[in-house]
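Down below is the structure, laid out as structure tokens.
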Amino acid sequence: MGSPNHLCYNLAKDMPKRLNLSQEIEKQLPGELVNFMWMAGEIAHTRGEKLYLVGGVVRDLMLGQANLDLDLVVEGNAIELAQQLKKNIKGKITTHPRFNTAKLLWDNWSVDLTTARTETYEKPGALPQITPGSLDEDLGRRDFTINAMALGLNPGLYGKPIDPHGGRDDLKNKLIRVLHENSFIDDATRIWRGLRYEQRLDFHLEKKTLGFFKRDVDMLKTISADRTRYEIECILKEPYPEKVFIRAAELGVLPHLHPNLRGDDWLAEKFEQARKLSDPAPPEAGLYLALLAYPLAKEETERFISRLRLPKALAQILIDTAALKSKMRLMATPGLSPSGIFRLLEAYSSPAMVANSVATESPTASQNIHQYLTRLKYIEISLTGDDLIKMGVTTGPEIREIMERLQKARLDGEIASRDDEMALVQSWLTKQE
Ligand code: ATP
């Protein structure tokens, strides 16, 4: 299974080690962003500040891959610079004075501006203390060498790569390498991030990095539920999230989410089926998560939900999936009537049904769920409570009962129109007399 970007990423091998990447910027980014970067570099220069493009976009420019998430770092004051830039592009800004960062928004574009900073970690897993610093210090706090590169944007430095940690060589050699041996201890979310880049780019964790990784896997327990969930959400947005989970199982990372999760061929097959079903859009996070949690028993699912502090809607999908799983035997009954299928499924959310139809080993159960989702759930009766009262049904529980019987008859194809419904109710009323 190759990533869709496979060909582009292979370009890294032949990546020119030129001293200036302004051509790559020009070729790979839309004109509007290129013009913006020129202008931003000029303005920073007149303010006596140095401005850089940093992080993932630099990595992807070098790989020949478009990435429109511009992250800019300024040796100076990001909020003041953003305010000045805003006037030139007639955009909006949002600011975070505590971190001295700003986001610029105009047309369909958004650019993050950060004041170069150093970080110190008082305790593993906690968010770091931040103080203004130089670009070098800013790059030195980053996760991997391939993400710790910058390009100058000031006049005279425009497009000049700044690569103090050998990120370009690691890109060429397809390696994920941390900047120092305590990187995973400082911030164990980098364990998940490392796996995500490794699998997305078809790279490898560099030998020493792999050693630190294995040594520090247990540091994952220092990471809060919210930060862990964010990493999992990022993984689920990858083109092939299962690759990350399979590697996570291999390296003892997956059990930190729950010991009974599977990162194996079964998961790969189910994620692939989910993609086929959702095509052309990628599957929603809820469907992927429901499949990931499928091997868990009900109580285990609840533990998994709190491990990630999943928001209500996602948690409900997982709870429904587990509840519906226990009904899959019945769902696989040959010759189950449409109304029987309806009764078994009506209480559950659609992603939980899709997850079960993908995960079940029974083609009959799968077809029944398909029938519900494509046809049965849209079948409604025409008569209302008022209609029934007009026909002589007594108000109270009888109305509901009759409506349910009508719906059953509609689902099972015994009646097909409003007139049929009226005739059937009439026959029941006559029998009662
Ligand atoms: P992606 O391609 O997945 O969007 P990205 O490289 O743009 O990846 P972001 O999560 O947007 O990643 O973060 C931007 C940059 O911030 C990264 O390139 C990296 O340099 C740095 N970074 C993000 N998270 C961490 C972390 N936990 N530790 C150190 N540096 C980080």
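The values are calculated or read from the model by the stated rules, or taken from the named source; none is laboratory data. Because the structure is a prediction, the values reported are computed rather than measured. Reconstructed Cβ throughout: ideal geometry from the backbone, glycine too, with neighbour counts over all protein chains shown. For the accessible areas, the whole protein counts, side chains as well, though only heavy atoms, and no ligand, DNA or RNA atoms are used. Shrake-Rupley method; radii C 1.70, N 1.55, O 1.52, S 1.80 Å.
Would it be correct to say that residue 115 is away from the ligand (no atom under 13 Å from the Cβ), touching a Ser or Thr at 6+ places or on another chain (Cβ under 9 Å) and touching a residue at least 40 places away in the same chain (Cβ under 8 Å)?
Working: away from the ligand (no atom under 13 Å from the Cβ): yes; touching a Ser or Thr at 6+ places or on another chain (Cβ under 9 Å): yes; touching a residue at least 40 places away in the same chain (Cβ under 8 Å): yes.
Considered against the rule, which asks whether it is away from the ligand (no atom under 13 Å from the Cβ), touching a Ser or Thr at 6+ places or on another chain (Cβ under 9 Å) and touching a residue at least 40 places away in the same chain (Cβ under 8 Å), residue 115 comes out as yes.
Among the residues of the stretch 40-62, which ones are hydrophobic (A, V, I, L, M, F, W, C), within 16 Å of the ligand (Cβ to nearest atom) and open to solvent by less than 10 Å² (accessible area, probe 1.4 Å)?
53, 54, 57, 58, 61
Being assigned to a loop (DSSP other than H, G, I, E, B), within 12 Å of the ligand (Cβ to nearest atom) and open to solvent by less than 60 Å² (accessible area, probe 1.4 Å) is true for just one of 238, 231. Which residue is that? Steps first, please.
On the way: 231 fails: assigned to a loop (DSSP other than H, G, I, E, B).
None of the other options fit; the residue is 238.
Test of understanding: among 361, 433, which residue is modelled with pLDDT under 95 and over 30 Å from residue 293 (Cβ atoms)? It would help to see each step written out before you state the result.
On the way: 361 fails: over 30 Å from residue 293 (Cβ atoms).
Criteria check complete, one pass: 433.
What about residue 310, is it aliphatic (A, V, I, L, M), outside any helix (DSSP H, G or I) and either under 28 Å from the mean Cα position of the chain (by Cα) or under 19 Å from residue 377 (Cα atoms) (or both)? Spell out the reasoning first.
Numbers: aliphatic (A, V, I, L, M): yes; outside any helix (DSSP H, G or I): yes; either under 28 Å from the mean Cα position of the chain (by Cα) or under 19 Å from residue 377 (Cα atoms) (or both): yes.
So residue 310 fits the description; yes.
Could you grab the pairs with beta carbons closer than 6 Å, sequence gap of 6+ or different chains, first residue in the stretch 312-330 and more than 16 Å from residue 288 (Cβ to Cβ), second one small (Gly, Ala, Ser) and open to solvent by less than 20 Å² (accessible area, probe 1.4 Å)?
Close Cβ pairs (under 6 Å, with a partner that is small (Gly, Ala, Ser) and open to solvent by less than 20 Å² (accessible area, probe 1.4 Å)) amount to 324/352; 328/365.
Please enumerate the residues belonging to the stretch 337-347 that are buried (at least 21 other Cβ atoms within 10 Å of the Cβ) and outside any helix (DSSP H, G or I).
Residues satisfying the conditions do not exist here.
Go through the stretch 285-300 and give me each residue that's in a helix (DSSP H, G or I) and aromatic (Phe, Trp, Tyr).
288
Restricting to the stretch 218-228, and then to whatever is more than 14 Å from the ligand (Cβ to nearest atom) and either within 22 Å of the chain's Cα centre (by Cα) or over 23 Å from residue 262 (Cβ atoms) (or both), can you tell me which residue is most open to solvent (accessible area, probe 1.4 Å)?
Of the residues in the stretch 218-228, the ones more than 14 Å from the ligand (Cβ to nearest atom) are 218, 221, 225.
Going one step further and asking which of them are either within 22 Å of the chain's Cα centre (by Cα) or over 23 Å from residue 262 (Cβ atoms) (or both), we end up with 221, 225.
Values: 221: 152, 225: 23 Å².
Result: 221.
Between 245, 213, 184, which is away from the ligand (no atom under 15 Å from the Cβ) and assigned to a helix (DSSP H, G or I)?
Values: 213 fails: away from the ligand (no atom under 15 Å from the Cβ); 184 fails: away from the ligand (no atom under 15 Å from the Cβ).
Among 245, 213, 184, only 245 is away from the ligand (no atom under 15 Å from the Cβ) and assigned to a helix (DSSP H, G or I).
Select, from 65, 83, 28, the only residue that is of a type in the set (S, T, N, Q), within 30 Å of residue 127 (Cα to Cα) and surrounded by fewer than 21 Cβ atoms within 10 Å (Cβ to Cβ).
Details: 65 fails: within 30 Å of residue 127 (Cα to Cα); 28 fails: within 30 Å of residue 127 (Cα to Cα).
The unique qualifying residue is 83.
Just to be sure I understand, how many residues within the stretch 141-179 are within 15 Å of the ligand (Cβ to nearest atom), of a type in the set (A, V, I, L, M) and over 13 Å from residue 61 (Cα atoms)?
So the answer is 5.
On the given criteria, is residue 98 within 12 Å of the ligand (Cβ to nearest atom) and more than 24 Å from the chain's Cα centre (by Cα)? Show your work before the answer.
Details: within 12 Å of the ligand (Cβ to nearest atom): no; more than 24 Å from the chain's Cα centre (by Cα): yes.
The answer is no for residue 98.
Can you tell me which of 190, 196, 142, 168 is of a type in the set (Lys, Arg), touching a residue at least 40 places away in the same chain (Cβ under 8 Å), assigned to a loop (DSSP other than H, G, I, E, B) and surrounded by 19 or more Cβ atoms within 10 Å (Cβ to Cβ)? If you could, list the steps in order and put the result at the bottom.
Details: 190 fails: assigned to a loop (DSSP other than H, G, I, E, B); 196 fails: assigned to a loop (DSSP other than H, G, I, E, B); 168 fails: assigned to a loop (DSSP other than H, G, I, E, B).
Going through 190, 196, 142, 168 in turn, just one is of a type in the set (Lys, Arg), touching a residue at least 40 places away in the same chain (Cβ under 8 Å), assigned to a loop (DSSP other than H, G, I, E, B) and surrounded by 19 or more Cβ atoms within 10 Å (Cβ to Cβ): 142.
Answer yes if at least one residue in the stretch 153-162 is in contact with a strand residue (DSSP E or B) (Cβ under 6 Å, 6 or more places away or on another chain), outside any loop (DSSP other than H, G, I, E, B), open to solvent by 10 Å² or more (accessible area, probe 1.4 Å) and at pLDDT below 95, and no otherwise.
Within the stretch 153-162 (the criterion being in contact with a strand residue (DSSP E or B) (Cβ under 6 Å, 6 or more places away or on another chain), outside any loop (DSSP other than H, G, I, E, B), open to solvent by 10 Å² or more (accessible area, probe 1.4 Å) and at pLDDT below 95), the answer is no, since none of the residues qualifies.
Looking only at strands (runs of 3 or more DSSP E) that lie completely in the stretch 1-105, which have at least 1 residues being under 19 Å from residue 147 (Cα atoms) and modelled with pLDDT of 95 or more?
50-54, 70-75
Restricting the search to the stretch 171-181, which residues are in a loop (DSSP other than H, G, I, E, B) and buried (at least 22 other Cβ atoms within 10 Å of the Cβ)? Talk me through it step by step, then tell me what you get.
Going residue by residue through the stretch 171-181, those that are in a loop (DSSP other than H, G, I, E, B) are 173-174, 177, 179-181.
177, the sole residue that qualifies.
Going through the stretch 199-210 one residue at a time, which ones are surrounded by fewer than 22 Cβ atoms within 10 Å (Cβ to Cβ) and more than 10 Å from the ligand (Cβ to nearest atom)?
202, 203, 204, 206, 207, 208, 210
Which of the residues spanning the stretch 174-191 are among the aliphatic types (A, V, I, L, M) and within 18 Å of residue 139 (Cβ to Cβ)? Spell out the reasoning first.
Taking the stretch 174-191 and keeping what is among the aliphatic types (A, V, I, L, M), we get 175-176, 178-179, 185, 188, 191.
The answer is 175, 176, 178, 179.
Each row is one residue, and each column tells you yes or no for (1) open to solvent by less than 20 Å² (accessible area, probe 1.4 Å); (2) in a helix (DSSP H, G or I).
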position: 302; (1), (2): no, yes
position: 321; (1), (2): yes, yes
position: 335; (1), (2): no, no
position: 351; (1), (2): no, yes
position: 354; (1), (2): no, yes
position: 358; (1), (2): yes, yes
position: 366; (1), (2): no, yes
position: 373; (1), (2): no, yes
